[in-house]
Amino acid sequence: MAENIEKVGQSGEIIFSDKIRNFMLNTAKIFSDISTLKQFLVKNRPGYKVVATSGGFDPLHKGHLRCIQGCSTYGNAVVVIVNGDGFLVRKKGKPFMVLDERMEIIAGLIGVDFVVPWDDGTQTVEGAIRLLKPDFFAKGGDRDHPDKIPEWAACQEVNCEIIFGVGGDKIQSSSNLLNSYQDASI
């Protein structure tokens, strides 16, 4: 990323070269952290409606795909927050796919504008929501009520509307998918 930076401004803002800025404005991007992404959005996408969604995507399945692609219905900058490997270790013992691989696959999906990792040691993306301050937070599948969304309070704090059922009902689970594979291979 450093080779793509033209210079860093006096207040720490990143100033990209025209070539990189044009590339970044026209393709899905992977950012290394929420703060850099937020800075980019404020400078290069003022007035855009930001729709964020999040998950482990380990592995990615058609329910994830439908939710991610459904996000573009609600805004014009789709941000996918990918839970880090530490999140998956705490949740299920180990990741099936490493973070960089999951992020690259998601960045290649139609409708994804930005991809960013998140792992602050918790099992939520509340901190990411507070930093990014998206206009919308999209949840698919079985996340259909405030009680099922740990990020509810963070969304309320930053005036972010939660959209339920994006992409339809829950049709798959990464854990079930992996368990089915393991059971079939024994």
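Structure data summary
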item	result
Residue in the range 79-97 that is in a strand (DSSP E or B), of a type in the set (Gly, Ala, Ser) and either surrounded by fewer than 19 Cβ atoms within 10 Å (Cβ to Cβ) or at pLDDT below 95 (or both) present	no
Among residues of the range 141-163, those that are at negative phi, more than 18 Å from the chain's Cα centre (by Cα) and modelled with pLDDT of 90 or more, counted	3
Among (1) in contact (Cβ under 8 Å) with a residue 60 or more places away in the chain; (2) buried (at least 18 other Cβ atoms within 10 Å of the Cβ); (3) not aromatic (Phe, Trp, Tyr), the one test that HIS61 misses	(2)
Subset of the range 23-34 (residues that are over 13 Å from the mean Cα position of the chain (by Cα) and either aromatic (Phe, Trp, Tyr) or at pLDDT 95 or above (or both))	PHE23
Close pairs (7 angstrom Cβ cut-off, 6 or more residues apart or separate chains): within 19 Å of GLN123 (Cβ to Cβ) in the range 87-110, at pLDDT below 90 and among the hydroxyl-bearing types (Ser, Thr, Tyr) anywhere	LYS92/SER175
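The values are calculated or read from the model by the stated rules, or taken from the named source; none is laboratory data. For clarity, every value in this text was computed on a predicted model and none was experimentally measured. Virtual Cβ from ideal backbone geometry, glycine too; neighbours counted across all protein chains shown.
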